[in-house]
Every structure is written in structure tokens, then in C-alpha cells.
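The values are calculated or read from the model by the stated rules, or taken from the named source; none is laboratory data. What you are looking at is a predicted structure, and each value in this text was computed from that prediction instead of being measured. For neighbour counting, all protein chains shown are included, and Cβ atoms are generated from backbone atoms with ideal geometry for every residue, glycine included. Calculation scope for accessible area: heavy atoms of the full protein, side chains included, ligands and nucleic acids excluded. Shrake-Rupley method; radii C 1.70, N 1.55, O 1.52, S 1.80 Å.
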Amino acid sequence: MIRPHLVVGPVAGVGVGLVWLLSVAASAAGQPPRSSDRVDVARLIVDARVLNEDGEPMLGLELSDFQVRVGGQPARVESVQWIGGEAGTDVPILASSLGGVPERTARGRLVVFVVQKSLDRDRLVGLLRLLQNTGRLFSALTPTDRVAVLSFDSHLKIWLDFTDDLERAQRVLADEVMFREPAALEPGNGVSLTPKLSRASAGETYTIEDALRVLGDALEPLPGSKSVVLLGHGFGELTVTLGVLGGRPTRRYGEARDALYGARAAVFSLDVTDVDYHTFEHGLETVSAETGGLFVRTRNRVIGAIEEVAHALVGHYVLFTELPDLDAGTHRIEVELTRTEGSVFARTIYDH
């Protein structure tokens, strides 16, 4: 008697991939298979945030509103789901133990606030101004969402593990992070950073890139997509070309980006530096663009910058797409709207 067996395994992609492997094998012990048929159908999950020309979230988009290309080839969009607080559904997709099979959960979204601290005057003034107004960032969240708070100066510090006590999280962010030391760490109830991120491991991070890498590693096992709100002044290494200062990513940045990719974590960067332009802002721009987040400067427009990020945090679309036949390597992901005008923010790279 010959029986089919279904094996499900993960594929590296924008968050979660699926591969269905169908094989036919002989049931008699010790006998080689008589025949073998293999059908691989890869799927890609793309998290897309869509804002209109006024920077407000666009709700109610459907399957036919999106077009996805991977490596320049069309990737057929099979389903679209809204995950957010204002569209009547708050049911994120997450990975089950069966290698990426979609499931549903009634819990809300996961948001991590990371404060990059500095005593440099041009950075400190802007950061204090921003922290005084962070309550506005919570306007996009719902009682089912959970928030964690971290900071980085000489190393990463964990102030608050995931909690649905949004008032407490807002108080820690606005009043405690800059002037106090973290209290004893209380692991989150259910979803938590602590299985892969402890005070000891956080203390071994020496750059903001290291901090983002270990944060991505800690977020990777947790369900669904995540939002990382980075209140900072940037990163990278200085370059000098023909006497002109510039900047470029470090090797550590690549490791951080890959960890954030694996976690389906989009970074929303609020640049606190109180100048019109500076070299290290390119680090914030790059990590936001590549992970599907948003970069905004806060100089002279702190309220407007906060509202841009708050609008982006309202929710996002999960696009379940069929992967085209691709060669091994790195491929660009492009997500566009087909029937309306708007800005789409989604991860830009797929590593096949």
C-alpha cells in the first residue's frame, strides 16, 4: 500500500514562508520508494503600511488594490488582511509549530519603544522635547496591544517587558528613562522578550546596531509582525571623500537588519537631533526604509513628526503572496497600489 505524506517546513522570507512537499513512499520496511513526485509552492508574507498624501492610514483596501513584485517578477497576491485598531478586526497571522502554517489569535499588536540616549546638547534637547510628547504615540494603540520599553546609552537596558498597561508604559517612557535606572525586571504575561533577552545579554551590547540585533533575535519567536519605534540620533561610521564628510553602514548593521527581517519588525525612526542635517541620520533612514518603517525628523516639528509615526502605527496589511521562480540570491521586493494613490511602506529585500 502506498501512502502520501505531507511535510511542512519554513522558508526564509518576509516573516514567514511555506513549502509544501508532497512525496510518495513505500510502506514496506526496508523497500526503496517506487516513485517520487515533488511539488514546491512557496509563499511569502509581506507586511505593508499604506498612508495617503496627508500621511493618514488608508483603510479598506482589498486584494485588487495591491501589486507585488519580487526580483522584478510579479508575485500573485492571494489574500489581504488588515491588522489594526480601527478597521474592526484585530486578528494577526502568526506561525504555528507546523513551520509557518497561518493561525489566528485574538491578541493585539506588539510595539517596542527604544530610546537612544545621549548627553550631546544637539541630541539631548531634541530627545527631551520628544519624550515630553510621547503620549501622542500611544493614540494609535488599543487595549489589546502590548508595549515594551528599552533604552541604549553605553549598552541596552530593559525598562519594561511587554505589557498591556499602556499608561504605565507611557509614564516609564516620558518620566523615567532619562533620569532613573530600570527597576527589577518583570517578565511579560504570556508574550515576553525575556526568553531570549536578559539583563545580562543586554549588558553585552556596545553599539546601537548590537542592540537592534539582539532585539530582533528576541522578537523573532513571537507571533506576527512587530513595530519598533526608535527615538534616536542615528548610527554608522564616518567617511571622508574629497574632503566631504559622509557615512556608511557598519558590518554590525547588516546583522541587525537581518535579525529584524527574521522578526518581521518594522523600524519607525524619530530623529531627535536638533540640526537640519547630520551624517548619522542615514543609519536611521536606512533601517526604516529596509524594514518597512518610516523615518522622520523632529526638528522644528516634533508634533507633526509624532503624528506621522502614530498614523503609521494604526495598522498594516498582511499580503499573502505566491513567490515567483527565483534564482538563489538577494531580490528586491516592490509593493505598489493599483487603483489609488498612496505611499506603501514594506520590507525591500528578500533573501532566497
Counting only residues in the stretch 226-253 that are among the hydroxyl-bearing types (Ser, Thr, Tyr) and part of a strand (DSSP E or B), the one modelled with the highest pLDDT is identified as 227
Selection from the stretch 147-165 of residues open to solvent by 20 Å² or more (accessible area, probe 1.4 Å) and among the charged types (D, E, K, R) yields 153, 157, 164, 165
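Please verify whether residue 113 is open to solvent by less than 20 Å² (accessible area, probe 1.4 Å), farther than 22 Å from residue 307 by Cβ and under 19 Å from the mean Cα position of the chain (by Cα), treating the condition exactly as stated. Give the steps one after another, and end with the answer.
Working: open to solvent by less than 20 Å² (accessible area, probe 1.4 Å): yes; farther than 22 Å from residue 307 by Cβ: no; under 19 Å from the mean Cα position of the chain (by Cα): yes.
So residue 113 does not fit the description; no.
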The one condition residue 60 fails out of (1) more than 24 Å from residue 333 (Cα to Cα); (2) at pLDDT 90 or above; (3) outside any helix (DSSP H, G or I); (4) not aromatic (Phe, Trp, Tyr) is (1)
Of the residues in the stretch 343-352 that are in a strand (DSSP E or B) and at pLDDT below 95, the one that is least open to solvent (accessible area, probe 1.4 Å) is 350
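Given the criteria closer than 24 Å to residue 346 by Cβ, open to solvent by 10 Å² or more (accessible area, probe 1.4 Å) and modelled with pLDDT under 95, does residue 195 qualify? Explain how you work it out, then say what you get.
Details: closer than 24 Å to residue 346 by Cβ: no; open to solvent by 10 Å² or more (accessible area, probe 1.4 Å): yes; modelled with pLDDT under 95: yes.
No; evaluated as a whole, the condition is false for this residue.
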Of (1) more than 21 Å from the chain's Cα centre (by Cα); (2) open to solvent by less than 40 Å² (accessible area, probe 1.4 Å); (3) β-branched (Val, Ile, Thr), residue 340 satisfies every one except (2)
When every residue in the stretch 169-192 that is closer than 23 Å to residue 315 by Cβ and either among the charged types (D, E, K, R) or out of contact with any Leu (no Cβ under 7 Å at 6 or more places or on another chain) (or both) is compared, the one modelled with the highest pLDDT is 170
From the option list 82, 20, single residue qualifying as aromatic (Phe, Trp, Tyr) and either modelled with pLDDT under 50 or touching a helix residue (DSSP H, G or I) at 6+ places or on another chain (Cβ under 8 Å) (or both) is 20
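For every residue, the table says whether it meets (1) in contact with a His (Cβ under 6 Å, 6 or more places away or on another chain); (2) part of a helix (DSSP H, G or I); (3) under 26 Å from residue 191 (Cα atoms).
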| position | (1), (2), (3) |
| --- | --- |
| 274 | no, no, no |
| 284 | no, yes, no |
| 289 | no, yes, no |
| 295 | no, no, no |
| 300 | no, no, no |
| 306 | no, yes, no |
| 310 | no, yes, yes |
| 325 | no, no, no |
Within the stretch 113-171, the residues that are of a type in the set (A, V, I, L, M, F, W, C), more than 17 Å from residue 297 (Cβ to Cβ) and in a helix (DSSP H, G or I) are 138, 140, 166, 169
